[in-house]
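**Q** What follows is a structure written as structure tokens; I'll ask about it next.
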Amino acid sequence: MKANLKEMTVDELNEYREKLIKDYRVFRFNKLMGQLENTLKIRETRREIARVNTILREYELGMRKENK
């Protein structure tokens, strides 16, 4: 998904970030309840959120131009 992030628009990135945050909360809750089998998903999701936040910040600072 890393390569696709750079091709996404700001609106798509914001929607994707919201989805990731919801997934992250579900994974954490399931871990607390002992229902999460693959705990690596938590770390992967957290890092993916950080990647999206980094790209959004680059747009905000003008380091990256939005593709249309």
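**Q** Condition first: touching a residue at least 40 places away in the same chain (Cβ under 8 Å) and either on the phi > 0 side of the Ramachandran plot or part of a helix (DSSP H, G or I) (or both). Now tell me which residues in the stretch 4-25 satisfy that.
**A** Within the stretch 4-25, 5, 10, 13, 14 meet the criteria.
**Q** Output yes when any residue across the stretch 26-43 is of a type in the set (A, V, I, L, M, F, W, C), under 13 Å from the mean Cα position of the chain (by Cα) and either exposed (fewer than 10 other Cβ atoms within 10 Å of the Cβ) or more than 28 Å from residue 65 (Cα to Cα) (or both), and no when none is.
**A** Yes, the conditions are met somewhere in the stretch 26-43.
**Q** Tell me, which residue of the stretch 44-56 that is of a type in the set (A, V, I, L, M, F, W, C) and surrounded by 13 or more Cβ atoms within 10 Å (Cβ to Cβ) is nearest to the chain's Cα centre (by Cα)?
**A** Looking at residues that are of a type in the set (A, V, I, L, M, F, W, C) and surrounded by 13 or more Cβ atoms within 10 Å (Cβ to Cβ), I get 49.
**Q** Does at least one position in the stretch 47-55 carry a residue that is among the acidic types (Asp, Glu), out of contact with any Gly (no Cβ under 7 Å at 6 or more places or on another chain) and touching a residue at least 12 places away in the same chain (Cβ under 8 Å)?
**A** yes
Taken together, the values in this text are just the output of simple stated rules run on the coordinates, not laboratory data. Only a predicted model underlies this, so the values are computations on that prediction, with no experimental measurement involved. Note that each Cβ is placed from the backbone with ideal geometry, even for glycine, and that neighbours are counted across all protein chains shown.
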